[in-house]
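Reviewing the structure listed below.
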Amino acid sequence: MLPEVGGRGQERLLESVVAIHGRGDAALVCANFLAGAGVGTLALSDDVESSSALGRSLGLAARNPDCTVAVGDGAGADVVVVVGALIPASLPPRSTVIWGAARDGGATLAHLPPGRGCVACLAALAASEPESDDPSIVLGTMLALEALRALLALDAGDGARLVRFDLERSGAEVLPFPACPACA
Ligand SMILES: [Zn+2]
């Protein structure tokens, strides 16, 4: 039980499904924090699973015996987390989509509310951010926090947003979401 979440919030997390796409430490760190926070079902894409030597050593199940970890695309997930350039071919229409990429000195996060998931938007974002593995633990933590905010309905607004984190300044900047010809 997390005191900040409370009983009803914890029940909500337990009923939740989060899908995670992407390779590398950020995806695994995100999965671990979500398992530890009490999310009931994690659907890991093949890419997350294929890098799972670390995943096993971190011990997702040990974090939370009530958390079911499956390999799959997470159809019907409440939240879909996408790390970096490994963007799935399609995004479920009713899911909140959270994308993030680490770069030197920081990380960039995009939050797309239900109905706004757009593969072209994420591909354009991934192409515009040169990827770096460096702050991947920070990125994984931020992705997990953003997912928990969505699951617990703690979001400030319901629009798409882009957030750029600068580790040196320890600050975040909310940027206008880039225009996308596919979803306008
Ligand atoms: Zn788009």
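The values are calculated or read from the model by the stated rules, or taken from the named source; none is laboratory data. Predicted, not measured: the structure shown is a model, and the values here were computed from it. Every residue, glycine among them, receives a Cβ derived from its backbone with ideal geometry; neighbour counts consider all protein chains shown. Areas reflect the complete protein model, heavy atoms only, side chains present, ligands, DNA and RNA absent. Shrake-Rupley method; radii C 1.70, N 1.55, O 1.52, S 1.80 Å.
Here are some notes:
- Across the chain, the relative contact order, built from alpha-carbon pairs under 8 Å that are at least six residues apart, equals 21 percent.
- Charged-residue dipole, Cβ positions (Lys, Arg, Asp, Glu), the chain about Cα centre, Debye nearest 20: 320 debye
- Per-residue [θ]222 nm for the chain (sum of -39500 (n - 2.57) over DSSP H runs n ≥ 4, rounded to 500): -10000 deg cm²/dmol
- The residues of the chain expose, per residue, 49 Å² of accessible area to a 1.4 Å probe.
- Amide H contacts of V97: V80, L112, each under 5 Å away and 5 or more positions distant or on a separate chain (H built 1.01 Å from N in the peptide plane; Pro and chain starts excluded).
- Cα convex hull of the chain - mean projected area over all directions, nm²: 9.8 nm²
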